[in-house]
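The values are calculated or read from the model by the stated rules, or taken from the named source; none is laboratory data. Just so we're clear, the structure is a prediction, and the values are computed from it rather than from any experiment. Cβ placement follows ideal geometry from the backbone for every residue including glycine, while neighbour counts extend to all protein chains displayed. Accessible surface areas use protein heavy atoms only, side chains included; no ligands, DNA or RNA. Shrake-Rupley method; radii C 1.70, N 1.55, O 1.52, S 1.80 Å.
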Amino acid sequence: MFKCIAEIKKYQFLIYELVIRDIKKKYRRSVLGVVWSILNPLLMMAVTAMVFSTIFRFQIENYPLYLLTGQIMFTFFSESTSFAMASIIENASLLKKIYIPKYLFPLSRVISSCVNLLFTLPALLLIIFVTGQTVHIEMTAFIVSLALLLVLCFGVGLLLSTAVVYFRDIFHLYGVVLSLLSYATPIFYPEKIIPEEYQWLIVYNPLYYFLDAFRETLYMGMLPDIELILRCAVIAIVALIIGVYFFNKHENHFILYI
Amino acid sequence: MTETVIKVKNVSMHFNLMVERTDSIKEYLLKLIKGKLLYDDFIALHDISFDVKRGEIFGLVGLNGAGKSTLLKIIAGVLKPTTGEVSVNGTVAPLIEVGAGFDPDLTARENIFLNGAILGYSQKFMASKFDEIIDFAELKAFIDVPVKNFSSGMYARLGFSIATMVQPDILIVDEVLSVGDYRFQEKCEKRIENMIQNGVTIIIVSHNVTMMKKLCTHAVWLEHGSMKALGSAKEICAMYV
């Protein structure tokens, strides 16, 4: 544990460089550059809002904000975990030549997705102002749930990046899992519409709790429920432990398979 | 008595050929059913032991597939041996194979910092060495060009320049000295000679026996993963040819 912290400290410049690289590459050669971070969720939100508010007519107060909080959070999860999953294989040529702690690659991927999420916050603020939502100081408490989500993503990322080294099938499978998750999580619909017999879908969906915590702060403008935060913390830590366990167990053999 | 910087002790490396070829769950299950999964042991290295002392230029010779590169990877810490151990005393700088550490989409400037970070240096340190690296690689005019647009010679020059900008304790060279044109090769050789004078330890793999004879002080001859001979470079090279 202490060794790990010392190692991260030693390689903090590398983490920084890797994060910068991801961000630079994402926006290189696009005219609007980082503005896309704000524009993209807004446009996505507009499209989804158009579809769902005309077809389904959900009874949700301030639907754009409801939708945007859900989308931003889910995008972070799906982006960071799928990038982390690929990170070991993508850096195969490097890992074969020189010793670097391997977990730095999934870690930096998750961090760069988090930085991306922070770039999208102006979009959120914009929607809050445009829809006339009152701004509460409690909203800043979303940082807590974001930090926990980051831990969850890192844990899942470690697990996936290990699995994908041995079975490339996971790449294809995970895309399906993600789209399943996006429907099983109340991102664009109110959780009330889930029928009684399908409630288990969200009860056993870890992302649901994180989404709830996000919405309590950013959408409803209150401090998140302590019990909810504790649940998120337990989920995140369990995911981290599982991820670290599998990653540690197999990392010495990665090189034979990548 | 000079101190031992690399101690290789009873190192063996086994690969499982069957498992290595399974890349998908389907194949894995099929092989599991057929019971073929676990047993096709390939011995890449068998019971290798030797010591390298400070300042030695240590050559590894042998035919293709003798296990030279595997041994280098174990010394660099990239691979863990199946049994036995390697202790290394000092900083190891692998001469990264041409461009392995580069991101083609980034510019030369960005790649220098990225590569430095990979090698474990700090930002401050890289900033102070930046001009020197660019000067040595003779790429001043191309600093802000993405390296995917570089020629292979430019790639190699930049890689060599970064890897050798500081004096490491141990330099690992895997058949990469033949980079660039003759003028740049001379420059590389001069830099390596400089390092030797300053007491660097070098481990080198090459098929170029003439060069090995000229450069190395000691050598080990590997054949099919076992040590065939160990001794001074002259003897070993004479035996090998």
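Comparing B:161, B:206, B:87 in a Gaussian network model of chain B (Cα springs below 10 Å), the most mobile by mean-square fluctuation is B:87.
Where the alpha-carbon atoms of the range B:108-149 are placed on the principal axes, they occupy 26, 19, 12 Å, in descending order.
Report the extension gain between residue B:85 and residue B:186 in nm, rounded to one decimal, defined as 0.36 nm multiplied by the number of residues separating them, less their alpha carbon distance. Walk me through the numbers on the way to the answer.
Numbers: separation 101, 0.36 × 101 = 36.36 nm, distance 3.66 nm.
Full extension from residue B:85 to residue B:186 adds 32.7 nm.
Listed by chain and number, the lysines whose C-alpha is less than 17 Å from the C-alpha of residue B:26, apart from same-chain residues fewer than 8 away, are B:34, B:36. Pairwise Cα distances in the protein assembly as shown exceed 36 Å in 43 percent of cases. A simple spin-label model places pseudo-atoms 7 Å from Cα toward Cβ; at residue B:109 and residue A:248 they are separated by 4.2 nm. Spatially, the range A:1-52 and the range A:59-81 are offset by 17 Å when compared through their Cα centroids. Think of each Lys and Arg Cβ as +1 and each Asp and Glu Cβ as -1; about the Cα centre, that makes the dipole of chain A roughly 1260 debye. Seen against the Cα atoms of chain B and their longest principal axis, helix B:123-137 is set at about 80 degrees.
Solvent-accessible area of residue A:137, all protein chains in place: 140 Å² (probe radius 1.4 Å, heavy atoms, ligands and nucleic acids excluded). Note that the range A:98-111 has calculated 3J(HN,Hα) couplings of 8, 7, 9, x, 6, 5, 4, 5, x, 4, 5, 5, 5, 5 Hz, one per residue in order, obtained from phi through the Karplus relation 6.51 cos²θ - 1.76 cosθ + 1.60 (θ = phi - 60°); glycine and proline are x. One quarter of the convex hull surface built on the alpha carbon atoms of chain B amounts to 15.4 nm², the projected area averaged over directions.
Got a number for carbon plus sulfur as a percent of the range A:31-257's accessible area, 1.4 Å probe? Let's see the in-between values first.
Details: 7730 of 10650 Å².
In the range A:31-257, the share of accessible area belonging to carbon and sulfur is 73 percent.
Using a probe of 1.4 Å, the accessible surface attributed to residue B:9 totals some 100 Å² when neighbouring protein chains are kept in position.
Note on residue A:36 and residue B:141: their simple-model spin labels are 3.2 nm apart, each label 7 Å out from Cα toward Cβ.
Fully extending the segment from residue A:191 to residue A:118 would add 23.7 nm, taking 0.36 nm per residue of separation and subtracting the current Cα-Cα distance.
Based on the Cα atoms of the range B:104-241, what semi-axes does the equivalent ellipsoid have, where each is the square root of 5 times one gyration tensor eigenvalue, given in whole Å with the largest first? Each step should come with its number before you reach the end.
Working: eigenvalues 206, 50, 39 Å².
Whole-Å semi-axes of the equivalent ellipsoid: 32, 16, 14.
Just how many % of Cα pairs in the range B:50-137 lie over 15 Å apart, if you round to the nearest whole percent? Of the Cα pairs, 71 percent sit more than 15 Å apart.
How big is D for the range B:170-241, in µm² s⁻¹ as a whole number, if Stokes-Einstein is applied with the Kirkwood radius of its Cα pairs at 37 °C and 0.692 mPa s? Translational D for this selection: 249 µm²/s. For chain A, the average shadow cast by the Cα convex hull is 15.4 nm², which is a quarter of the hull's surface.
With +1 on each Lys and Arg Cβ and -1 on each Asp and Glu Cβ, how big is the dipole of the range A:124-258 about its Cα centre, in debye rounded to the nearest 20?
Approximately 360 debye in magnitude.
Computed from the C-beta positions of residue A:131 and residue A:228, the FRET efficiency with R₀ = 25 Å rounds to 0.55. Only DSSP H runs of four or more residues enter the estimate; each adds -39500 (n - 2.57), and after division by the residues of the protein assembly as shown the mean residue ellipticity at 222 nm equals -18000 deg cm²/dmol.
At a Förster distance of 22 Å, what's the computed FRET efficiency of residue B:28 paired with residue A:256, Cβ-Cβ distance as r, to 0.05? Spell out each step's value before the answer.
Working: r = 15 Å, r/R0 = 0.67.
Using R0 = 22 Å, I get an efficiency of 0.90.
Within the set B:9/B:214; A:3/B:187; A:97/B:53; A:25/A:192; B:73/B:214; A:10/B:234, which residue pairs have Cα atoms separated by over 30 Å?
Values: B:9/B:214 27 Å; A:3/B:187 40 Å; A:97/B:53 23 Å; A:25/A:192 41 Å; B:73/B:214 24 Å; A:10/B:234 42 Å.
Check vs 30 Å cut-off fails for A:3/B:187; A:25/A:192; A:10/B:234.
Solvent exposure of the protein assembly as shown, expressed per residue, is 49 Å² of accessible area, with all protein chains present and a 1.4 angstrom probe. Using a probe of 1.4 Å on the protein chains alone, the accessible area found for residue B:240 is around 50 Å².
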